[in-house]
Structure formats: C-alpha cells, structure tokens
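Novice: So that we are looking at the same thing, I have put the structure below in structure tokens.
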Amino acid sequence: MHILPDLFIQNIGQLVTVAGASQRPKILDGMNELGIIENGAVVIRGGNFIDIGTTRRLEKKYPRKGTKIIDAAGKVVLPGFVDCHTHAIFGGDRAGEFVRRIQGETYQEILKKGGGILSTVRNTRKLNTRNLAEISGKYLDTMLLYGTTTVEIKSGYGLDMKSELKILKAIRQVKKTHPIDIVATFLGAHVIPPEYRKAPNTYINLLCAMLPKVKSYATFCDAFCDEGAFSSEQSERILKTAKALGFGVKIHTNEFKDIGGVSLAIQLNAISADHLDNIKQRDIVRLKKSNIICVLLPGVPFFLMKDIYAPARKMIENGVPVALATDFNPGTCPSENMQMIITLACLKMGMTPAQAINAATINAAHAIGTAHRVGSIEAGKQADMIILDIQDYHHVPYYFGMNHVETTIKKGRVVVENKQLMDSPY
Ligand code: NIG
Ligand code: FE
C-alpha cells in the first residue's frame with residue numbers, strides 16, 4: 001500500500017505542470033494555461049512521475065524514509081525543455097562568417113561563395129564517428145545545464161552516403177551514452193553539395209537511394225525547401241520517397257522565401273513545418289485544418305540580424321499549434337539556450353510567457369512524436385524536470401540571457417546541480 005518514492009520534491013513555489021495536452025498539442029486559449037500548482041510537490045519512482053499535487057496533500061500520502069528529498073521553496077519547477085529542432089552534430093564553427101555578416105555580407109551571399117553550410121560540410125567530413133559523437137556530447141552537456149532534457153538532432157553536414165551515415169552513427173552512439181533523450185532526423189537534403197551543383201537531380205536520385213540505408217538510424221526525414229536550397233518539386237521527391245519508407249516528414253521552409261513549402265507540408269501530412277518567418281495569412285488558415293505543428297525558431301532571424309519573424313500571434317489566434325526550438329547550428333543560431341529562445345519569442349513575436357513555455361515543452365514534444373512520454377509533469381510520464389532559481393515563471397523571459405536552471409532531473413535522476421557562490425557575504 002505505502003509506496004516509497006525515490007525522490008520527493010516539496011514546497012515548490014510554482015509548480016508549472018503544463019498538464020492536459022499529452023494527446024493533442026495546445027492551441028488557442030490552451031496555450032495560455034500552464035496548470036500551475038502553488039506550494040506543489042512531485043513524487044518520483046522508477047524514473048517516472050507517480051504523483052503531482054500540493055505539498056500538504058502529498059506529504060501525508062507518502063512515507064519518505066530513505067527517500068531523497070529536495071526542497072524547492074520559493075522556486076519555479078518546469079518540465080525539462082524539449083528542443084525539437086537542432087543540428088547539434090557538426091565540425092568547426094563559423095565565427096569568421098559572423099564577423100563578415102556584421103560587416104554587411106548576407107548569409108546567402110556567403111553560401112553562394114561556397115561558405116556557410118558548405119564550409120561546415122568540409123569540417124564535418126574530416127571527422128570520424130568518435131570525434132563527432134564527442135563534439136555532439138559536449139553540446140548536449142550544455143543543453144542539460146540550460147534545462148533541455150529532450151532534443152532532436154538532424155544530420156545534414158555530410159551530404160554523401162558515407163558522411164551522412166557516419167553522422168547518424170555518431171548520433172546513435174551519443175544516444176547510448178548521454179542522459180538526454182535524442183530523436184534523430186535525416187537531413188541529406190540540406191543543400192546540394194558542390195560536386196553535384198551542375199547536376200542537382202543526380203543528387204536527388206542519390207538521396208532517394210540513401211533513404212532505405214539510413215532508415216534504421218532516423219525517425220524523421222527533413223528537407224530544406226527554400227531559396228538557395230531545394231525547390232518544392234525536389235523536396236517533394238525526397239520527402240515522398242521517405243514517407244513511403246515509413247519516415248515521419250519534416251520540412252524547413254519559408255525561412256528566406258515562400259516557394260511552396262507549406263503546401264508540400266500539408267500535402268504530405270508532415271508532423272511539423274519549421275521556420276515560417278515568411279508565411280502568408282492564406283497559408284496560416286490552411287495550416288489550421290492540418291495537424292502540422294509550426295516550429296518557430298526566433299534565434300535565427302535574431303542572429304541573422306533580420307526583422308522578419310514568424311507571425312506567432314496570428315498563428316495562435318488562428319488555432320495553429322506552435323512550438324519553439326533553438327535550431328542550434330553553427331550558421332544561424334549558435335546557442336543552445338531555450339530560455340533565451342523564450343525571451344525572443346516574447347519580445348520579437350509577441351508571445352506571452354505562458355504561450356512560449358507551452359511551445360517549448362509539450363508542443364515541442366508533439367513536434368517530434370514524444371508527447372506521450374515527455375513535455376509535461378504528469379503522473380505516468382517520464383520524470384524530466386528543472387528547478388529554476390526564480391520566484392515566478394514570468395521571470396524566465398524577463399531576466400533574459402541568463403541561466404536560471406539550478407537543478408535538472410532526467411528520468412528521475414539529478415543530472416545537474418548548479419552554481420553555488422563560494423563566499424557570499426549575504
Ligand atoms: O535551420 N536552414 C537550414 N539549415 C540551418 C542552417 C544551417 C547552417 O547555416 O549551417 C537552419 O537555419
Ligand atoms: Fe534548421
């Protein structure tokens with residue numbers, strides 16, 4: 001009768017559960033609901049949440065002899081962030097291009113000259129599986145420190161059979177060793193590699209032939225359907241082939257230009273359409289009738305110094321489910337910090353802090369098919385949560401650019417215990 005918990009977290013100032021949307025993503029008014037419990041408690045056993053409620057109720061219900069107890073008085077608890085769109089596996093960095101961009105060259109001009117994604121491809125092709133797994137593991141460590149407990153990682157800096165497979169194998173290796181949950185996506189259709197510049201369709205054929213060989217390594221297949229990357233017809237060929245093989249479909253689209261990617265996403269019943277900075281009202285209305293999650297990445301226009309952000313408020317008003325992610329990559333968003341993304345979502349896209357938190361947790365989990373396990377604090381779900389050293393959830397975006405995470409708990413285990421001043425006079 002008396003279940004002994006492994007971990008009991010009590011006196012939580014604001015327990016933000018984000019509960020009630022494990023089956024379907026949050027939309028409309030639901031996006032402003034956070035399921036907050038004041039003076040809350042969380043009971044964990046066997047890596048899962050087994051009970052959630054007020055401290056008063058739960059401390060009577062559970063014996064705690066030998067149980068690890070964490071007191072979170074005056075603090076905020078959230079589900080771990082789900083970063084549902086990243087490219088967190090690549091060689092080198094692009095700090096040199098950052099300086100060129102500040103001086104006026106655009107991202108696409110640099111790509112045309114053989115830089116950008118292509119320079120990262122050169123650096124990634126040089127590395128072996130072990131190097132790549134190590135590099136990626138370090139990025140994931142930072143994510144845990146900043147409160148991300150589930151991440152999607154795309155391949156796409158290899159762009160040939162051998163290199164793409166090497167990247168996917170490295171992702172599999174990190175998946176085995178790192179506490180973060182990883183969902184892998186194949187993005188062979190990132191750009192056309194230089195050796196196929198003159199014969200793009202040969203590369204599309206090659207990609208279609210790669211798909212069965214990478215199937216066991218990736219849940220989703222993605223394509224960059226935009227100016228300077230793949231046309232809507234080329235993307236269609238790849239994604240259709242992938243869908244027929246059983247991949248879930250994702251699409252990078254409308255980041256620079258509208259070339260029909262939204263129609264393609266709808267036609268293929270994609271799980272998500274990502275970026276969408278340049279989307280027309282007509283397409284927002286069409287998206288409403290689909291089940292597609294719009295994954296918005298405000299770190300990208302911010303880092304590219306552009307003033308065009310996805311119309312998040314219009315999407316939400318129209319009943320479209322919205323998620324947030326970093327897009328962590330060396331060219332357009334070299335930051336793993338989901339807290340900063342929440343700030344940008346509020347300041348640049350007019351989302352409320354509550355909408356942004358829902359978008360960065362449960363809706364993001366839906367965007368990678370993991371909402372039944374993660375994304376909210378509910379009995380039966382995996383015990384992924386973060387304790388933040390703030391008094392109110394509004395402080396997440398308000399005190400911006402900071403790391404509020406004090407403790408990260410992954411599958412019921414404390415994996416981050418943060419920052420103590422050695423000699424505070426207070
Ligand atoms: O999501 N848009 C395509 N891919 C990445 C950028 C990758 C890079 O610049 O290295 C993105 O923005
Ligand atoms: Fe991306």
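Novice: Every residue in segment 110-153 that is in contact with a helix residue (DSSP H, G or I) (Cβ under 9 Å, 6 or more places away or on another chain), of a type outside the set (A, V, I, L, M, F, W, C), within 16 Å of ligand 1 (Cβ to nearest atom) and assigned to a helix (DSSP H, G or I), please.
Specialist: If the condition is that a residue be in contact with a helix residue (DSSP H, G or I) (Cβ under 9 Å, 6 or more places away or on another chain), of a type outside the set (A, V, I, L, M, F, W, C), within 16 Å of ligand 1 (Cβ to nearest atom) and assigned to a helix (DSSP H, G or I), then S119, T124, R125, S136 are the ones that fit.
Novice: Then there is this: Take the residues of segment 15-45 that are touching an Asp or Glu at 6+ places or on another chain (Cβ under 9 Å) and part of a strand (DSSP E or B): which is surrounded by the most Cβ atoms within 10 Å (Cβ to Cβ)?
Specialist: Taking the candidates together, the pick is V42.
Novice: Oh, and also: Which one of these is at pLDDT 95 or above and polar (S, T, N, Q): N278, N291?
Specialist: N278
Novice: Take T86 and tell me if it is of a type in the set (V, I, T), surrounded by 14 or more Cβ atoms within 10 Å (Cβ to Cβ), away from ligand 1 (no atom under 12 Å from the Cβ) and under 24 Å from N358 (Cα atoms).
Specialist: Judged against the criteria, T86 is not a match.
Novice: Give E105, E59 a once-over and let me know the one that is under 29 Å from C333 (Cα atoms), of a type in the set (D, E), surrounded by 14 or more Cβ atoms within 10 Å (Cβ to Cβ) and more than 13 Å from ligand 1 (Cβ to nearest atom).
Specialist: Going through E105, E59 in turn, just one is under 29 Å from C333 (Cα atoms), of a type in the set (D, E), surrounded by 14 or more Cβ atoms within 10 Å (Cβ to Cβ) and more than 13 Å from ligand 1 (Cβ to nearest atom): E105.
Novice: Of everything in segment 154-183 that's more than 15 Å from the chain's Cα centre (by Cα) and small (G, A, S), which residue is farthest from ligand 1 (Cβ to nearest atom)?
Specialist: Here the answer is A170.
Novice: Just for segment 89-102: of the residues that are part of a loop (DSSP other than H, G, I, E, B) and more than 11 Å from ligand 1 (Cβ to nearest atom), which one is surrounded by the most Cβ atoms within 10 Å (Cβ to Cβ)?
Specialist: I89
Novice: Moving to a separate point now. Going through G156, G188 one at a time, which residue ends up being modelled with pLDDT of 95 or more, within 16 Å of ligand 2 (Cβ to nearest atom), part of a strand (DSSP E or B) and surrounded by 16 or more Cβ atoms within 10 Å (Cβ to Cβ)?
Specialist: Step by step, each of G156, G188 is checked, and only G188 is modelled with pLDDT of 95 or more, within 16 Å of ligand 2 (Cβ to nearest atom), part of a strand (DSSP E or B) and surrounded by 16 or more Cβ atoms within 10 Å (Cβ to Cβ).
The values are calculated or read from the model by the stated rules, or taken from the named source; none is laboratory data. Everything numeric here is computed off the predicted structure, so don't read it as measured data. Heads up, the Cβs are rebuilt from the backbone with ideal geometry, glycines too, and the neighbour counts pull from every protein chain shown.
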